[in-house]
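This report refers to the structure that appears directly beneath it.
The values are calculated or read from the model by the stated rules, or taken from the named source; none is laboratory data. As the structure is a computational prediction, the values presented were derived from the model and not from experiment. Counting neighbours? That spans all protein chains shown, and the Cβs are built from the backbone with ideal geometry, glycine included.
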């Protein structure tokens, strides 16, 4: 354990092992990595799961792809990291409404410290170890699966930095095959400097994020897992690493980069009248706040029950 060399796997073979991140009196951290090296030359595609490890659909998809893909018929090299951040995976520090998922050793959000530091705290060391693989790849996909407070459309995200690599990233986001595509810029938090996608693109590796899953479903639903799996197979075909036709959605739309949000003035539940992507019935609001004493429009207090406080 801990001495695996992913970039040394021979052509025409596949192997799985653990890369040592750090091992000292304070902590021991390893990173699982699977490699499928085809019998013919070609590009390198790397996928990462578990950057936020409680987004379990991405973890399962990244693991499953290693079992699915074989060297026979593959041109180039496929690398999968099922769980980037093992400390969070083991201790389940979820992403919450007010704070990002943090590593229990040092309290850092890994998706803010790339490209990392080999001599830094555990989170920075994990980021550095992963980045050594990502920057050697031609293409990268970061699997996400929705964390505890998230219920969103299945979509891909790509970054625009004003360079020719933007075209490759956008083509990847479309070819992946989810119905919605969301552009990003360095000024937006999830694609800003320090994030994996930004630093990968800045280093010359075309990178996208795939979002499919519901964080409050701790058992990954097969439809979300397969969204990541099928999308990756699409990319392998798109880049000529595998033979075959891509699976394409019936339609595909680009989402607006502008974020809109609102905060309820009081604590409430929020059962929506429509699913993500649907138009609310009758042109109404996106949800209706519900309090302990009954339902009322968001922003209004429901009347207390008779005899209540």
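Counting only residues that are farther than 22 Å from residue 167 by Cα and surrounded by 12 or more Cβ atoms within 10 Å (Cβ to Cβ), how many does region 229-258 have?
Within region 229-258, the subset farther than 22 Å from residue 167 by Cα is 229, 243-244, 250.
So of that shortlist, the ones also surrounded by 12 or more Cβ atoms within 10 Å (Cβ to Cβ) come out as 229.
Summing the residues that are farther than 22 Å from residue 167 by Cα and surrounded by 12 or more Cβ atoms within 10 Å (Cβ to Cβ) in region 229-258 gives 1.
Take residue 185 and tell me if it is on the phi < 0 side of the Ramachandran plot and surrounded by 16 or more Cβ atoms within 10 Å (Cβ to Cβ). Outline the logic, then answer.
On the way: on the phi < 0 side of the Ramachandran plot: yes; surrounded by 16 or more Cβ atoms within 10 Å (Cβ to Cβ): no.
So residue 185 does not fit the description; no.
Please verify whether residue 177 is over 20 Å from residue 151 (Cα atoms) and either crowded, with 20+ Cβ neighbours inside 10 Å or in contact (Cβ under 8 Å) with a residue 40 or more places away in the chain (or both), treating the condition exactly as stated.
When the stated conditions are applied, residue 177 does not pass them.
Among the residues of region 173-197, write down those that are under 19 Å from residue 248 (Cβ atoms) and not in a helix (DSSP H, G or I).
Step one: filter region 173-197 for residues under 19 Å from residue 248 (Cβ atoms), giving 173-182.
Residues satisfying the conditions are 176, 177, 178, 179, 180, 181, 182.
What number goes with the only condition from (1) under 23 Å from residue 19 (Cα atoms); (2) surrounded by fewer than 18 Cβ atoms within 10 Å (Cβ to Cβ) that residue 152 does not pass?
(1)
Considering only region 18-41, state which residues are surrounded by fewer than 18 Cβ atoms within 10 Å (Cβ to Cβ) and part of a strand (DSSP E or B).
The answer is 18, 20, 23, 28, 40, 41.
Quick one: count up the residues across region 217-228 that are assigned to a helix (DSSP H, G or I) and surrounded by fewer than 19 Cβ atoms within 10 Å (Cβ to Cβ).
Residues of region 217-228 that are assigned to a helix (DSSP H, G or I), as a first pass: 222-228.
Subsequent filtering for residues that are surrounded by fewer than 19 Cβ atoms within 10 Å (Cβ to Cβ) retains 222-223, 226.
The total comes to 3.
Exactly one of these conditions fails for residue 271: (1) free of Cβ contacts under 8 Å to residues at least 24 places away in the same chain; (2) in contact with a helix residue (DSSP H, G or I) (Cβ under 6 Å, 6 or more places away or on another chain). Give me its number.
(2)
Examine region 133-140 for a residue that is surrounded by 19 or more Cβ atoms within 10 Å (Cβ to Cβ) and over 24 Å from residue 246 (Cα atoms), and state whether such a residue exists.
Let us first name the residues in region 133-140 that are surrounded by 19 or more Cβ atoms within 10 Å (Cβ to Cβ), namely 133-134, 137, 139-140.
Narrowing the set further to residues that are over 24 Å from residue 246 (Cα atoms) leaves 133-134.
Within region 133-140 (the criterion being surrounded by 19 or more Cβ atoms within 10 Å (Cβ to Cβ) and over 24 Å from residue 246 (Cα atoms)), the answer is yes, since at least one residue qualifies.
Any idea which of 51, 22 is assigned by TED's automatic domain parsing to the domain that holds residue 231, in contact with a helix residue (DSSP H, G or I) (Cβ under 7 Å, 6 or more places away or on another chain) and closer than 13 Å to residue 142 by Cα? I'd like the intermediate steps shown before the answer.
On the way: 22 fails: closer than 13 Å to residue 142 by Cα.
Just one listed residue meets the conditions, 51.
I'd like to know if region 88-108 contains one or more residues that are at pLDDT below 90 and touching a strand residue (DSSP E or B) at 6+ places or on another chain (Cβ under 9 Å).
Yes.
Conditions first: (1) modelled with pLDDT under 95; (2) part of a strand (DSSP E or B); (3) under 17 Å from the mean Cα position of the chain (by Cα). Residue 50 passes all but one, so which condition is the exception?
(2)
Name the pairs whose Cβ atoms lie under 7 Å apart, with the first residue in region 9-21 and within 18 Å of residue 132 (Cβ to Cβ), the second at pLDDT below 95 and part of a strand (DSSP E or B), and 6 or more positions between them or separate chains?
Qualifying pairs under 7 Å: 20/3; 21/29.
Kindly evaluate residue 170 against the criterion of being surrounded by fewer than 19 Cβ atoms within 10 Å (Cβ to Cβ) and either in the same structural domain as residue 229 (by TED's automatic domain parsing) or in a loop (DSSP other than H, G, I, E, B) (or both). It would help to see each step written out before you state the result.
Numbers: surrounded by fewer than 19 Cβ atoms within 10 Å (Cβ to Cβ): no; either in the same structural domain as residue 229 (by TED's automatic domain parsing) or in a loop (DSSP other than H, G, I, E, B) (or both): yes.
Taking the combined requirement at face value, the residue does not satisfy it.
Return the residues of region 252-309 that are modelled with pLDDT of 70 or more, more than 31 Å from the chain's Cα centre (by Cα) and assigned to a loop (DSSP other than H, G, I, E, B); say none if nothing qualifies.
Of everything in region 252-309, those that are modelled with pLDDT of 70 or more, more than 31 Å from the chain's Cα centre (by Cα) and assigned to a loop (DSSP other than H, G, I, E, B) turn out to be 265, 266, 292.
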